Amino acid sequence: MLTIGAFARAARLSPKALRLYDELGLLRPAAVDADSGYRYYDPGQLGRARLVAWLRRLGMPLDRIRSTCELSGAAAAKAVTAYMAELEAELEARGRLAGFLTDYLTGKGTPMSEHAPALGLRFAARSAIGKVRETDQDFAYAGSTLLAVADGAGPGGDRAAAAAVEVFRGLTGGTDLLRPLEGGTDLLRALEGGVRDAERAVRALPSAGEERPITTLTALVWSGSRIGVAHVGDSRAYLLRGGELSRLTDDHTYVQQLVDAGELAAADLPAHPQRPLLVRALGAGGEADLSLRTALPGDRYLLCTDGVWTTVPDLAGALRAGADPEATVTRLVDEAYAAGAPDNVACVVADVVPV
């Protein structure tokens, strides 16, 4: 076993970086002294330590680093290639915009409205009760400025899901209200306000004794070429770009915490008996994850509740099939039913297209 200092020198990292990797669940020490709290590492962990450091130097988000490190060599290489393709596509799009802005600001170009690339969404949403549940507590919504799914729980869970999405519908106004928020800061502020209002709306619903309605919420707000993501709970958002599917959200569940701590294999998560146990939800003071993304033509987004991602065996295959959003959501629901549909089912599929 190596002390943290010796391991840091061997990995060409700092002890501070190793402590950060431990806190984030990217690289746990092999042992921790119960009295001093001092960390010890196995020499066999050097490879993972270097991989994490290299991926961070690429700028890969921490959630993707975690999932990439769990892959085999070939699969991890494919994940890195897919990430670099995303970076290159974004850089190319920004380069085109920078060139246009240079011409425009120096008087060489025509008015901005004549050449600025216009993108929009082609979308579809669908929900179904499933084969087992007696009530449908899932909610799916798709519009020109908002994509959202919510999964309610407890008495009045259906009303909680609908209330949360309705708040975000009010935020976007069902129009191009958020297009001036292109800079990012205003969009994040709008998302923060939406989450606060959704929390209040859910808490205002009637409860049954001490049991209160709660809901997950995964919402994508469209603002020009920016997409703001607000997420709490275990519904999910995915992005299909260049044929590669990546997950945009982390599950806020007890079982996901076990995976992050290295106590459970990610492949065993869907079948774990405590998988539905939420640690964050609207109506229970759950903090939401907020992020911004740049949209590119050809992107395909999937939002779905756990009734979809736990039952559909090949999400990537369904999204890559080339069908339009309406046919794709129908296929996803049909596949969930073919797998038994033990839970409610809700999903949204949206394509980024020139308009």
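Go through Asp343, Asp314 for me and flag whichever is modelled with pLDDT of 90 or more and either farther than 25 Å from Leu62 by Cα or among the small types (Gly, Ala, Ser) (or both). After ruling out the rest, the residue left standing is Asp343.
Taking Val255, is it free of Cβ contacts under 8 Å to residues at least 60 places away in the same chain and either surrounded by 17 or more Cβ atoms within 10 Å (Cβ to Cβ) or at positive phi (or both)? Yes: the conditions hold for Val255. Scanning region 310-322 for residues that are surrounded by fewer than 20 Cβ atoms within 10 Å (Cβ to Cβ) and without any contact (Cβ under 8 Å) to a residue 60 or more places away in the chain yields Thr310, Pro313, Asp314, Gly317, Ala321, Gly322. Looking at (1) under 17 Å from Arg66 (Cβ atoms); (2) touching a His at 6+ places or on another chain (Cβ under 6 Å), can you tell me which one Asp268 breaks? Going through the list (1) under 17 Å from Arg66 (Cβ atoms); (2) touching a His at 6+ places or on another chain (Cβ under 6 Å), Asp268 breaks only (2).
Would you confirm, using the coordinates I've provided, whether Ala82 is of a type in the set (A, V, I, L, M, F, W, C), within 21 Å of the chain's Cα centre (by Cα) and not assigned by TED's automatic domain parsing to the domain that holds Asp250? Yes, satisfied. Considering only region 323-341, state which residues are assigned to a loop (DSSP other than H, G, I, E, B) and touching a residue at least 12 places away in the same chain (Cβ under 8 Å). The answer is Asp324, Ala339, Gly340, Ala341. Taken over region 8-27, the residue count meeting the criterion of being crowded, with 17+ Cβ neighbours inside 10 Å and of a type outside the set (A, V, I, L, M) is 1. In region 79-90, the condition of being more than 29 Å from His252 (Cβ to Cβ) and modelled with pLDDT under 65 is met by at least one residue. Say we look at region 28-59 and pick out the residues that are assigned to a loop (DSSP other than H, G, I, E, B) and either under 23 Å from the mean Cα position of the chain (by Cα) or among the basic types (Lys, Arg) (or both); which of these is surrounded by the most Cβ atoms within 10 Å (Cβ to Cβ)? My answer is Arg28.
Please work out which residue is modelled with the lowest pLDDT, limiting yourself to region 3-58 and to residues that are touching a Pro at 6+ places or on another chain (Cβ under 6 Å) and of a type in the set (A, V, I, L, M). Going through the qualifying residues, I end up with Ala8. For first residues located in region 279-299 and without any contact (Cβ under 8 Å) to a residue 40 or more places away in the chain and assigned by TED's automatic domain parsing to the domain that holds Val165, partners that are among the small types (Gly, Ala, Ser) and part of a loop (DSSP other than H, G, I, E, B) and lie 6+ apart or on another chain with Cβ distances below 8 Å form the pairs Val279/Gly286. Considering region 195-249, the qualifying strands (runs of 3 or more DSSP E), each wholly inside and each with 1 or more residues that are modelled with pLDDT of 95 or more, run over 217-223, 226-232, 236-241. Would you confirm whether or not region 134-142 contains a residue that is surrounded by fewer than 16 Cβ atoms within 10 Å (Cβ to Cβ) and either in the same structural domain as Arg280 (by TED's automatic domain parsing) or at pLDDT below 70 (or both)? Yes; the residues of region 134-142 include at least one that is surrounded by fewer than 16 Cβ atoms within 10 Å (Cβ to Cβ) and either in the same structural domain as Arg280 (by TED's automatic domain parsing) or at pLDDT below 70 (or both). Filtering Gly184, Gly130 for residues that are surrounded by fewer than 23 Cβ atoms within 10 Å (Cβ to Cβ), in contact with a strand residue (DSSP E or B) (Cβ under 6 Å, 6 or more places away or on another chain) and at pLDDT below 90 leaves a single hit, Gly184. When we screen Gly307, Gly285, Gly340, Gly242 for residues that are surrounded by 22 or more Cβ atoms within 10 Å (Cβ to Cβ), of a type in the set (Gly, Ala, Ser), more than 16 Å from the chain's Cα centre (by Cα) and more than 20 Å from Thr145 (Cβ to Cβ), the only hit is Gly307.
The values are calculated or read from the model by the stated rules, or taken from the named source; none is laboratory data. All figures in this text were calculated on a predicted structure; none of them were measured in a lab. Every residue, glycine as well, gets a Cβ built from its backbone with ideal geometry; the counts of neighbours run over all protein chains shown.
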